[in-house]
Amino acid sequence: MKAAEKLSSEVIETLRDAIADTDGHEVMAWGRVSEGLVSEVEVAARGDEVSVPAVFQHMEKGDVVIHNHPGGVLKPSAADMQVAGRLGEHGIGFYIVDNAFERVYAVVEPIKLKNREPLNIAELTNLLEPGGALSGAMESGGFYEYRPSQVA
């Protein structure tokens, strides 16, 4: 698949520069996906001609690891497959790219995160206040007690 279908032009440029800084060696980065495209990226490790350390401490569900194969062969190695499997279990994707960033091989797609609505604090505190839903449901049984510290 074409790299531009998965990576923004800014991400491609950042990674090309990182690879050039290593004289074309392997680089591992992690990126954030926005609207189906990796739009932010950070280089996490630099390696040699055939390998790169696999470090994952900054990644979260929905992120993607991007790592290059300097020879241009995008077939994942056994080590790539093992790492991709471990990451995939946590919802993290794994992409292999060539140094020219013409192609990308998506070994594992990152999990698509659902849109999350922030909690409405006023609604939650109203549930706990005297006269709120919790007090109404529990007062008849004598179990409700207003506690300002819990509301806070």
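From the alpha carbon gyration tensor of the stretch 1-60, can you work out the equivalent ellipsoid semi-axes (sqrt of 5 times each eigenvalue) and give them in Å, largest to smallest?
Numbers: eigenvalues 78, 42, 17 Å².
Calculated on Cα positions only, the semi-axes equal 20, 14, 9 Å.
If you place +1 on the Cβ of every Lys and Arg and -1 on the Cβ of every Asp and Glu, how big does the dipole about the Cα centre of the stretch 75-152 come out, in debye to the nearest 20?
280 debye
Sequence-distant or interchain residues sharing an amide H contact under 5 Å with Asn68, placed H: which?
Hits under the 5 Å cutoff: Val27, Val97.
Identify which of Arg32, Arg116, Arg16 has the largest mean-square fluctuation in a Gaussian network model of the chain, with springs joining Cα atoms closer than 10 Å.
Of Arg32, Arg116, Arg16, the most mobile in the Gaussian network model is Arg116.
Would you mind telling me which residue in Gly85, Gly136, Gly71 has the biggest mean-square fluctuation in a Gaussian network model of the chain, where springs connect alpha carbons within a distance under 10 angstrom?
Ranking Gly85, Gly136, Gly71 by mean-square fluctuation puts Gly136 first.
Let me spell out the model: positive unit charges on the Cβ of Lys and Arg, negative unit charges on the Cβ of Asp and Glu, origin at the Cα centre of the stretch 21-75. What dipole size does that give, in debye rounded to 20?
200 debye
So what's the angle, to the nearest 10 degrees on a 0 to 90 scale, between helix 9-21 and the longest Cα principal axis of the chain?
That works out to roughly 50 degrees.
DSSP loop chymotrypsin sites (Phe, Trp or Tyr not before Pro) in the stretch 1-103 with at most 10 other Cβ atoms within 10 Å of their Cβ, which ones? Walk me through the numbers before you get to the answer.
Numbers: sites: Trp30, Phe56, Phe94, Tyr95, Phe101; in loops: Phe56, Phe101.
Those that pass, being in a loop and sparsely packed, number zero.
Taking the Cα centre of the stretch 16-137 as the origin, how large is its charge dipole in debye, to the nearest 20, when only Lys and Arg (+1) and Asp and Glu (-1) carry charge on their Cβ atoms? Let's see the in-between values first.
On the way: 10 positive and 19 negative charges, 75 e Å.
Dipole about the Cα centre, nearest 20: 360 debye.
Give me Rg over Rh for the chain, both radii from the alpha carbons and Rh done the Kirkwood way, two decimal places.
1.30
Report the one residue of Val43, Met59, Val11 whose Cα lies farthest in the direction of the positive end of the charge dipole of the stretch 1-65 (charges on C-beta: Lys and Arg +1, Asp and Glu -1; origin at the Cα centre).
Final value for the positive-end residue is Met59.
If I ignore ligands, DNA and RNA and count only protein heavy atoms, how much of Ile12 is accessible to a 1.4 Å probe, in Å² to the nearest 10?
Answer for Ile12: close to 20 Å² accessible.
How tilted is helix 78-88 with respect to the longest principal axis of the chain? Cα atoms for both, answer in degrees (0 to 90, nearest 10).
Once rounded, the angle reads 20 degrees.
Taking all pairs of distinct Cα atoms, average 1/r, flip it, and tell me the Kirkwood hydrodynamic radius of the stretch 14-99 in Å to one decimal place.
In the stretch 14-99 this quantity evaluates to 12.8 Å.
State which entries of Lys75/Lys112; Lys2/Lys75; Lys6/Lys75 exceed 20 angstrom in Cα-Cα distance in the structure shown.
Lys75/Lys112
Quick one: net charge around Val104, please, counting Lys, Arg +1 and Asp, Glu -1 for every other residue with C-beta under 10 Å from its C-beta.
0
Which residue, Pro118, Ser149, Tyr105, has the largest displacement toward the positive end of the dipole of the stretch 85-152 when charges sit on each Cβ (Lys, Arg +1; Asp, Glu -1)?
Tyr105
If ligands, DNA and RNA are left out, what is the accessible area of Met1 with a 1.4 Å probe, given in Å² to the nearest 10?
Spelled out: Met1, probe radius 1.4 Å, area about 110 Å².
Leaving ligands, DNA and RNA out of it, rank Thr14, Thr125 by accessible area with a 1.4 Å probe, largest first.
Listed by decreasing accessible area, they come as Thr14, Thr125.
Could you give the semi-axes, largest first, of the ellipsoid that matches the stretch 75-151, computed as the square roots of 5 times the alpha carbon gyration tensor eigenvalues and rounded to whole Å?
That gives 54, 14, 9 Å for the three semi-axes.
The values are calculated or read from the model by the stated rules, or taken from the named source; none is laboratory data. Since the model is a prediction, treat every value here as computed from it, not as a measurement. A quick note on method: Cβ atoms are made from the backbone with ideal geometry, for glycine too, and the neighbour counts reach across all protein chains shown. We work out accessible area using only protein heavy atoms, side chains counted, and drop any ligands, DNA or RNA first. Shrake-Rupley method; radii C 1.70, N 1.55, O 1.52, S 1.80 Å.
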